[in-house]
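The values are calculated or read from the model by the stated rules, or taken from the named source; none is laboratory data. Model, not experiment: these values are computed from the prediction. Don't worry about glycine lacking a Cβ; one is built from the backbone with ideal geometry, like all the others, and counts go over all protein chains shown. Ligands, DNA and RNA are excluded from the accessible area calculation, which covers all protein heavy atoms including side chains. Shrake-Rupley method; radii C 1.70, N 1.55, O 1.52, S 1.80 Å.
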Amino acid sequence: MHPRILLVLLATALAAASAFAVSAVAAPARAATGKVVSLTFDDGARDQYDNAFPLLAEHGTPATFFVNSARVDAPGYMTRAQLESLESAGHEIGGHTVAHADLPALPAAEQRRQVCGDRVALLNMGFTVKNFAYPYGNADATSEQVARDCGYNSARRVGGIVSPGGCNGCDHAETVPPADAHSTRTPDSVKTSTTLAQLKGYVTQAEANGGGWVQLVIHHVCEGCDSTYAVSPSTLSSFLGWLAPRSANGTTVKTVDQVVGGALQPPVDGPPSPADVQNPSLETATGDVPDCFQLGGYGANTYTWTRTNDSHTGQYAQRVDVTARTDGDRKLVTRQDAGTCAPAAVPGRTYRLGVWYKGTWSSAVRAKMSIYYRSATGVWTFWTNGPALSGTGTWQQTLVTTPPVPAGATNISFGVALPGVGALVVDDFSLADLGS
């Protein structure tokens, strides 16, 4: 764990021990009730750093940035160094799942991997990660419990507060403290159509109705970079300039952590990944896609996927027909998730990967196994290819022994790629740990 986070956790543990000597049950620290606004920025987009960060500094306004760990350092998103600059300036870094997952659509174990894994990755980067935002604002009872179990002090949905054209009869603000800290409510997300008057209205309607907590949900800060979820820098600047003087009337701006409070909880790992390929013979499927697999590929090509009974073993196999190609390929690979389907990989160890295949393609088409690995922050990266395969009318097995797994890798994904016109049928995936 990052040394800075370890020191915070040790200090928290000592404080907790001291508090226990006075009272067996200590209430979490919370801000006083009143009129509070929190500016929250989702997804870690680079334009937030380029355009919002200077405006926040200009107006002395703290904010909370909810980040997907797999997007850190990715094109279009903030780098780790930029996030460190935000936190050093007094802004809060929160969690948002590893890869912006729609949690209610996932099994409970994968939800835990997405939520816990994101927090662990961000803690290991050195950030003080205490609060969470559900991607798309979506959560169910399982998601809320997962957020608690992963060590988050609060979790934010989207909606539930009176907004223009919606949520009539709802409250005008979240309560302080929130009635359900793992299902906090907000006005609608800020959109390109949201006016300065509407932003002000979210604050004034709370002020006029007994106060409370107004969390504003912002995604992009730019002119024209997103057609739906963006606010222009000029509108944000005008709003911040209007908001700052309202402290004289008792309306303050705080980070989510400053509102919710509570100690930094220890990291909690998600469930372990499987050691083997799941659904290796492709027998179970959701629709036409085998469970624990995904249809992959890239580039300009024309193709058709078919779930076929022309199988090596069992009842089903998967077939792709590529009828035209400019570039790229098509392939069925083991699902690149956070570890519910993706087999575990141990750094330094080698693995023998197998796929049974048959099909027709010309000698100029270099069909081959494509292999990927997942990093500790949740990023899936192309790793290596197997040897070129010739077309065959009978079932053959391609076996590839990987190089030693790179340091920091956690999972493996693989499948056979068809980078040209032809037909490919695959079945019976396998993985064997050959040790180090």
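Gly94 - would you say it is buried (at least 19 other Cβ atoms within 10 Å of the Cβ), assigned to a helix (DSSP H, G or I) and at pLDDT 95 or above? Steps first, answer last, please.
On the way: buried (at least 19 other Cβ atoms within 10 Å of the Cβ): yes; assigned to a helix (DSSP H, G or I): no; at pLDDT 95 or above: yes.
So Gly94 does not fit the description; no.
If you go through segment 241-276 one residue at a time, how many are open to solvent by 20 Å² or more (accessible area, probe 1.4 Å), polar (S, T, N, Q) and in a loop (DSSP other than H, G, I, E, B)?
2
Restricting segment 121-142 to residues that are touching a residue at least 40 places away in the same chain (Cβ under 8 Å) and among the small types (Gly, Ala, Ser), which is nearest to Leu39 (Cα to Cα)?
Only one residue tops the list, namely Ala133.
Answer yes or no as to whether Ser88 is without any contact (Cβ under 8 Å) to a residue 60 or more places away in the chain, crowded, with 19+ Cβ neighbours inside 10 Å and of a type in the set (Ser, Thr, Tyr).
No: the conditions fail for Ser88.
Select from segment 231-250 the residues that are under 15 Å from Thr194 (Cβ atoms) and hydroxyl-bearing (Ser, Thr, Tyr) and write down the one among them that is farthest from the chain's Cα centre (by Cα).
By that ranking, first place goes to Ser238.
Taking segment 277-319, which residues are touching a Lys or Arg at 6+ places or on another chain (Cβ under 6 Å), crowded, with 19+ Cβ neighbours inside 10 Å and closer than 17 Å to Glu110 by Cβ?
Scanning segment 277-319 gives Cys292, Phe293.
Pairs needed: first member in segment 182-200, closer than 17 Å to His220 by Cα and assigned to a loop (DSSP other than H, G, I, E, B); second member anywhere, of a type in the set (Ser, Thr, Tyr) and open to solvent by 60 Å² or more (accessible area, probe 1.4 Å); C-beta distance under 8 Å; at least 6 residues apart or different chains.
What qualifies is Ser189/Tyr229; Val190/Tyr229; Lys191/Tyr229; Thr192/Ser227; Thr192/Tyr229.
Can Thr302 be described as in contact (Cβ under 8 Å) with a residue 12 or more places away in the chain, assigned to a strand (DSSP E or B) and over 24 Å from the mean Cα position of the chain (by Cα)?
Yes.
Go through segment 118-134 and give me each residue that's among the basic types (Lys, Arg) and assigned to a helix (DSSP H, G or I).
In the first step, residues of segment 118-134 are kept if they are among the basic types (Lys, Arg); the result is 119, 130.
Within segment 118-134, Arg119 is the sole residue that qualifies.
Over 15 Å from Glu283 (Cβ atoms), touching a helix residue (DSSP H, G or I) at 6+ places or on another chain (Cβ under 7 Å) and small (Gly, Ala, Ser): which single residue out of Ala300, Ala338, Ala324, Ala345 fits that description?
Step by step, each of Ala300, Ala338, Ala324, Ala345 is checked, and only Ala338 is over 15 Å from Glu283 (Cβ atoms), touching a helix residue (DSSP H, G or I) at 6+ places or on another chain (Cβ under 7 Å) and small (Gly, Ala, Ser).
Taking the condition of being surrounded by fewer than 19 Cβ atoms within 10 Å (Cβ to Cβ) and either assigned to a strand (DSSP E or B) or not polar (S, T, N, Q) (or both), how many residues in segment 148-171 meet it? Let's see the steps before the verdict.
Residues of segment 148-171 that are surrounded by fewer than 19 Cβ atoms within 10 Å (Cβ to Cβ), as a first pass: 148-149, 159-160, 164-171.
Going one step further and asking which of them are either assigned to a strand (DSSP E or B) or not polar (S, T, N, Q) (or both), we end up with 148-149, 159-160, 164-167, 169-171.
The total comes to 11.
Among the residues of segment 401-422, write down those that are surrounded by 18 or more Cβ atoms within 10 Å (Cβ to Cβ) and among the aliphatic types (A, V, I, L, M).
Val405, Ala409, Ile412, Val416, Ala417, Leu418, Val421
Being closer than 11 Å to Asp427 by Cα, open to solvent by 60 Å² or more (accessible area, probe 1.4 Å) and in a loop (DSSP other than H, G, I, E, B): is that true of Asp327 here?
So Asp327 does not fit the description; no.
Cβ-Cβ under 8 Å, sequence separation 6+ or interchain: first residue in segment 256-267 and farther than 19 Å from Thr40 by Cα and of a type outside the set (A, V, I, L, M, F, W, C), partner at pLDDT below 95 and not in a helix (DSSP H, G or I). Which pairs?
Pro267/Met1
All but one of (1) touching a strand residue (DSSP E or B) at 6+ places or on another chain (Cβ under 8 Å); (2) over 20 Å from Asp337 (Cα atoms); (3) charged (D, E, K, R) hold for Arg71; state the number of the condition that does not hold.
Answer for Arg71: the failing condition is (2).
Return the residues of segment 224-240 that are out of contact with any helix residue (DSSP H, G or I) (no Cβ under 7 Å at 6 or more places or on another chain) and either in a helix (DSSP H, G or I) or open to solvent by 30 Å² or more (accessible area, probe 1.4 Å) (or both); say none if nothing qualifies.
Gly224, Asp226, Ser227, Thr228, Tyr229, Ser234
Six or more apart or on different chains, Cβ under 6 Å: which pairs go from a residue in segment 414-436 that's farther than 19 Å from Asp329 by Cα to one that's among the polar types (S, T, N, Q) and open to solvent by 10 Å² or more (accessible area, probe 1.4 Å)? Could you list them?
Asp428/Ser281; Asp428/Thr313; Leu434/Thr350
Of the numbered conditions (1) open to solvent by less than 50 Å² (accessible area, probe 1.4 Å); (2) assigned to a loop (DSSP other than H, G, I, E, B); (3) touching a Gly at 6+ places or on another chain (Cβ under 8 Å), Pro178 satisfies every one except a single condition; which is it?
So Pro178 meets the others, but not (3).
Checking the structure you have, find out if any residue of segment 186-201 is of a type in the set (Gly, Ala, Ser), modelled with pLDDT under 95, surrounded by fewer than 16 Cβ atoms within 10 Å (Cβ to Cβ) and farther than 30 Å from Gln145 by Cα.
no
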